[in-house]
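Heads up: the structure comes next, in structure tokens.
The numbers here are math on the coordinates, done by the rules we state, and not lab data. These numbers come from a predicted model, not from an experiment. Here the Cβ positions follow ideal geometry from the backbone for every residue, glycine too, while neighbour counts run over all protein chains shown.
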Amino acid sequence: MSEEQLDLLGSLAAQPLFHAEVMAAPGSTAGRPDFAPVRLTRSDPVCNMNRFYILEPATSLFGERGVVRHWGRIGTAGRIRTDWYDDPHEAEGAFQNLLRAKQRRGYAPKRGGHIGCAYEENLLTKIES
């Protein structure tokens, strides 16, 4: 590696990590209400189904737009996948398509509350006491 590349890597490593909304470029779709993070849940006690699905817009260091998908059974860490797009409109379209598909399958918006690892809250309670 050249010295220029090492200097660039060093400066990037020294920068703090930001949430995707903070890193969004001016005029991006990340701040728009129809492209904001969405939490969905689907529960069916008869089938023992208790799932969550979270969609979030993301921006890479190189200006690519992406959609972060986080899904799984409520109370577990779940799985995460990020799909990257060169065009912001393509990312927004993929976001909207995924949202519509999940809503057709019975997922509904989640208001407040905690989705994900329940053991994290229990661990923090034990540490504080």
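Here is how the numbers come out for the structure above:
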read-out	value
Distant-in-sequence amide H partners of Lys110 (H built 1.01 Å from N, under 5 Å)	Arg39, Leu40, Thr41
Label-point gap, in nm, between Arg81 and Cys47 - each point 7 angstrom along Cα→Cβ	1.8
Local electrostatic count at Arg42 - Lys and Arg +1, Asp and Glu -1, tallied over other residues with Cβ under 9 Å	+2
Under the Karplus curve 6.51 cos²θ - 1.76 cosθ + 1.60, θ = phi - 60°, whole-Hz ³J(HN,Hα) for the range 41-50, x wherever Gly or Pro sits	9, 9, 10, 8, x, 5, 8, 6, 10, 8
